[in-house]
Amino acid sequence: MEFDGNEITGNWVVEVCSTVGKGDLVLTGTYSGYARFSQVVPNDQLIWYSISDGDNREAGVGIYRNNSIERS
């Protein structure tokens, strides 16, 4: 995927992810005080994301769509 300068960033977006391993990241909710992706990012938008679970961490680029992030 190529960036075209129209990418969106969402400040204070934090969501829980039920995905384990590979595949799309399924977003299942947020914590008090944080926004959901659906509140700040339109569907089919290319975004940067990062996830962490203890010592397991990942950062990447994906497409936000219907409460999930398609990894690329």
Item to complete: Would you point out the residue of the stretch 23-58, among those that are part of a strand (DSSP E or B), β-branched (V, I, T) and within 13 Å of V13 (Cβ to Cβ), that is most open to solvent (accessible area, probe 1.4 Å)?
Response: I51
Practice prompt. Scan the stretch 24-46 and report the pairs whose first residue is of a type outside the set (S, T, Y) and whose second residue is in a helix (DSSP H, G or I) and open to solvent by 50 Å² or more (accessible area, probe 1.4 Å), with Cβ atoms within less than 9 Å and a gap of 6+ or a chain change.
Written response: L27/S38
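Do we find a residue being at pLDDT below 90 and not in a strand (DSSP E or B) anywhere in the stretch 59-69?
no
The values are calculated or read from the model by the stated rules, or taken from the named source; none is laboratory data. The structure displayed is predicted, hence computed values, not measured ones. Quick reminder, even Gly has a Cβ in these numbers, built from the backbone with ideal geometry, and neighbours come from all protein chains shown. Side chains included, ligands, DNA and RNA excluded: accessible areas come from the protein's heavy atoms. Shrake-Rupley method; radii C 1.70, N 1.55, O 1.52, S 1.80 Å.
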